[in-house]
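Right, one structure below, let's go through it.
The values are calculated or read from the model by the stated rules, or taken from the named source; none is laboratory data. Model, not experiment: these values are computed from the prediction.
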Amino acid sequence: MNRNIFAFALLFPVVGLSQNSQKTNQQNDVTTPLHLMQPEYETPYNIPTAEGIIKVIDKVYNYLEAVTPPHLVDASGAELSDFAKINTQRCGHSFSG
């Protein structure tokens with residue numbers, strides 16, 4: 001009888017651990033080292049291609065061309081075409097050669 005209790009006491013934790021390991025089949029930061037897990041980013045991070053880089057640069061260039069005024073205006077909003085008429089007192093720089 002003592003041998004049966006002793007055998008039961010030894011086998012009970014082994015059976016319990018084997019059932020527990022079957023239940024935790026999911027990957028998380030407790031069961032798997034972080035360097036072996038795949039990140040769950042909303043934005044996919046991948047190696048950019050040359051075409052993708054050119055597309056982004058063109059997008060930025062086209063935006064800047066659309067929102068950057070092609071002329072120079074002074075503080076009153078008047079367009080300046082003659083750079084000799086720039087108010088150097090207002091901007092603090094001297095533009096003379």
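Which of the residues belonging to the range 44-90 are of a type in the set (Val, Ile, Thr) and modelled with pLDDT of 80 or more? Let's see the steps before the verdict.
Looking only at the range 44-90, we keep the residues that are of a type in the set (Val, Ile, Thr), and these are 47, 49, 53-54, 56-57, 60, 67-68, 73, 86, 88.
Those that are of a type in the set (Val, Ile, Thr) and modelled with pLDDT of 80 or more: ILE47, THR49, ILE53, ILE54, VAL56, ILE57, VAL60, VAL67, THR68.
Yes or no: GLU42 charged (D, E, K, R), part of a helix (DSSP H, G or I) and at negative phi? Step through it out loud before you land on a result.
Working: charged (D, E, K, R): yes; part of a helix (DSSP H, G or I): no; at negative phi: yes.
For GLU42, the condition - charged (D, E, K, R), part of a helix (DSSP H, G or I) and at negative phi - is not met.
Take the conditions over 26 Å from the mean Cα position of the chain (by Cα), at pLDDT below 75 and not basic (Lys, Arg) and apply them to VAL15. Does it pass? So that I can check it myself, show each step before the final result.
Working: over 26 Å from the mean Cα position of the chain (by Cα): yes; at pLDDT below 75: yes; not basic (Lys, Arg): yes.
For VAL15, the condition - over 26 Å from the mean Cα position of the chain (by Cα), at pLDDT below 75 and not basic (Lys, Arg) - is met.
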